[in-house]
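Contents: one structure, followed by commentary.
Rule-based calculations on the coordinates, nothing more; no lab input. All figures in this text were calculated on a predicted structure; none of them were measured in a lab. Positions of Cβ are backbone-derived with ideal geometry, glycine not excepted, and every protein chain shown enters the neighbour counts.
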Amino acid sequence: MSVLVFVEIDNGSIKKTSREAIYFGARLAEQLSGEAVVLAIGEATEAELEQAGKWGATRVLHVSEEKLAHENSLAYADVLAQAVGATDSKIIVLAKSGLGDAVAARAAAKLKASVVSGVTELPDTQNGFKVVRSIYTGKAFATVEIKSAIKILGIRKNALEVVESEKSAPVEGFTPTLRESDFAAKVLEVEKASTELSLTDADIIVSGGRGMKGPDNWQPLLDLAGALGAATGCSKPVSDLDWRPHHEHIGQTGIKVAPNIYIACGISGAIQHLAGVNGSKCIVVINKDPEAPFFKAADYGIVGDVFDILPRLTRAVEEAR
Amino acid sequence: MKILVCISNVPDTTAKISFTDNDTKFNKTGVQFIIGPYDDYALARAVELKEQHGGTVTVLNVGESESDPQLRKALAIGADDAIRVNTEPTDSYFVAAQIAHIASQNSYDLILMGRESIDFNSGVVHGLVGEMLGIASYSPVMKLDITGNEAKFAREIDGGKEHLSAALPLVLGCQEPIAEWKIPNMRGIMTARTKSLAVVEPVSVDDSTVLEKYALPAPKGSCRMIPAEEAEQLIALLKTEAKVL
């Protein structure tokens, strides 16, 4: 019995959330006395893909078709379904993300599989197959029993603490049959800030709200993010006002993040914003209003002026190196 | 152009979540239900597209009679007719199978819905419906224009967006800023009363997942306040106390 892990490749390397998915798949395979096989689609070196062994995979199927170099959830789902057949897998594990959800959904319909998204811990496989998932945008959890023969699990970031080993996994080529209909959409243009650290992958996020008082005041926040190696995010009003690009919007109707550290600067903490960050391990709130509701959801709070505090924190980070 | 908009009936974003019956049922007491915020964007764009190109907008919900106020609201916003599949929406696969069944009886050019429902946040119904119908699906779509038989749309990707074009029919999961939410006006509310709201029975689908119980997150410990003049302490605390840096 194998657990098949679908991983996302970004700029030639396995995404951090996908590494967590490999580790999750490997632990689950261990529970079921099976093996974890990785399916990687896209350009990556053998040395990079072999690393999947560090997180517990026993082998890697690599698809390096040029037609698949550009992210294409329709074709990826097709390839995934074929790999499920080739490996006789009954469980598919992938990181919950925009691409992950799309691939999981289409593969589920092909395989008549159940898809459970937002899984937060290893399934209970003692009696039946029970998983715990995040629901109501992180405000609650549900335990769900999956009864279908094939099961697809979308893993939420930080579901498990990843432990690396020294192992490496052999890489084999996998050649799927591609369908013309999966390439019906034409890609007209891609706008991507490629140098930016992705919000969903970041361990640390520094985020700004209306308390930053204007788009020209972002430098102190960017400096702290730079010093910490953090990604930058913002609240909904900030992206609505076009102070920051839409893809930085964190919250109920924006991106949901789950970093190790979330630093909120001048964000009051509307419930819709909290819904986007409640998966974070540690929340730091900096706000001049001591009554800001965000403090109630925070681990550390500083009441003060962001423009005074941020540069001092940046210096403290640099000095601590 | 025939557009189908699928809406979810979900607790308001500010609702306090709690459970009853030994944590096996969502506690609806005092909870305001709304059209899913993402679905609301899809509906608004569908109504705009109908105004530009003509055609019809049908709004669909898989749910029990408590969804009717949300369907009436969608009719007041500008949908032409409504369909409710009379059943409790148990999981994504079940809901998608109901939507695909309705869609297969009518040839819609566009099937729009939110990128996810805000109760279970799966974000998979559009993909499931697309695959079940054998047509392409994309999400999250933040811009959409139609010319003839072709859709031009932008999809959010990690750190940016991707502009695509594809022939109809399509299933799209929508999010802001595809359109501004619409508020029904008095005339809309009056005409909505006479529009058709058809209630149909579900098709049977095997139960593939069964809910066992709900749980609330452990309560948050208190926030440790750091005086502003000692803000630098934070970095050391993140390292030594919280052990996250």
For chain A, built as a Gaussian network whose Cα springs stay under 10 Å, the top-fluctuating residue of A:128, A:53, A:211: A:128
In degrees, nearest 10, range 0 to 90: what is the angle between the Cα axis of helix A:73-87 and the longest Cα principal axis of chain A? 40
Normalised radius of gyration for segment A:2-183, please: alpha carbon Rg relative to 2.2 N^0.38 Å, two decimal places. 0.95
Value of D in µm² per second that Stokes-Einstein yields for chain B, Kirkwood Rh from Cα pairs, at 20 °C (1.002 mPa s): 108
How tilted is helix A:306-319 with respect to the longest principal axis of chain A? Cα atoms for both, answer in degrees (0 to 90, nearest 10). 60
With Cα coordinates, the longest principal axis of chain A makes an angle with the long axis of helix A:16-31, in degrees rounded to 10, of 50
State the antiparallel share, in %, of DSSP beta bridges confined to chain A, rounding to the nearest 5. 15
Counting pairs of Cα atoms in segment A:204-319, how many percent are more than 24 Å apart? 13
Between segment A:93-142 and segment A:14-33, how far is it from one alpha carbon centroid to the other, in angstrom? 14
Taking the alpha-carbon centre of each part, the distance from segment B:63-122 to segment B:147-207 in Å is 10
Set of aspartates and glutamates near residue B:213 by C-alpha distance (under 13 Å), chain-local residues within fewer than 8 positions excluded: A:145, B:21, B:23
Cα-based equivalent ellipsoid, segment B:152-202: semi-axes from gyration tensor eigenvalues, Å: 32, 18, 11
Quick calc, the protein assembly as shown, dipole around Cα centre from Cβ unit charges on Lys, Arg (+) and Asp, Glu (-), nearest 20 debye, gives 1040
Relative exposure of B:39, A:201, A:10, A:289, judged by other C-beta atoms within 10 Å (fewest first): A:289, A:10, A:201, B:39
List A:119, B:210 from most exposed to least, where exposure is judged by having the fewest other Cβ atoms within 10 Å. B:210, A:119
Are there any GluC sites (Glu not before Pro) in segment B:112-199 that are in a DSSP loop and have at most 16 other Cβ atoms within 10 Å? List them by number. B:180
In percent, what relative contact order does segment A:2-183 have, based on Cα pairs under 8 Å that are 6 or more apart in sequence? 28
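What is chain A by shape, rounded, prolate or oblate, if you read a ≥ b ≥ c off the alpha carbon gyration tensor as root eigenvalues and call it rounded for a/c under 1.5, prolate for a/b larger than b/c, and oblate otherwise?
It comes out prolate by the Cα gyration axes.
Treat segment B:1-125 as a sphere of radius equal to its Kirkwood radius over Cα pairs and apply Stokes-Einstein at 37 °C in a medium of 0.692 mPa s; give the translational diffusion coefficient in µm²/s, rounded to a whole number.
220
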Tell me which DSSP H helices of chain B clear both cut-offs, 18 Å or more of axial length from alpha-carbon atoms and a mean Kyte-Doolittle hydropathy of at least 0.5. B:92-105
Among the lysines, which fall within straight-line cross-link reach of residue B:195, defined as a Cα-Cα distance under 26 Å, with same-chain neighbours fewer than 8 residues apart omitted? B:2, B:50, B:73, B:182
Express as a percent, rounded to the nearest 5, the fraction of DSSP beta bridges in segment A:204-319 (both residues included) that run antiparallel. 0
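Multiply the residue separation of residue A:320 and residue A:161 by 0.36 nm, subtract the distance between their alpha-carbon atoms, and state the gained length in nm to one decimal.
Fully extending the segment from residue A:320 to residue A:161 adds 54.7 nm.
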Name the lysines eligible as straight-distance cross-link partners of residue A:90: C-alpha to C-alpha under 18 Å, and not fewer than 8 places from it in the same chain. A:110, A:112, A:130, A:147, A:151
How high is the relative contact order of chain A? Use alpha-carbon pairs under 8 Å, at least six apart in sequence, and give a whole percent. 14
Rg and Dmax in Å for segment A:25-75, alpha carbons only: what are they? 12.6, 37
Give the order of A:144, A:38 when sorted by the count of other beta carbons within 10 angstrom, beginning with the fewest. A:144, A:38
Quick one: give the max-minus-min coordinate of the C-alpha atoms of segment B:176-245 along each principal axis, largest first, in Å. 65, 41, 23
Segment B:98-202 - Debye-derived log10 I(q)/I(0), Cα point model, q = 0.11, 0.17, 0.19 Å⁻¹: -0.42, -0.95, -1.10
Correct semi-axes for the protein assembly as shown, from √(5λ) of the alpha-carbon gyration tensor and rounded to whole Å with the largest first, are 35, 31, 23
With label points built 7 Å along Cα→Cβ from the Cα atoms of residue B:243 and residue A:70, find their separation and express it in nm. 4.7
Efficiency of FRET between residue B:216 and residue A:147 - r from beta-carbon atoms, R0 22 angstrom, step 0.05: 0.30
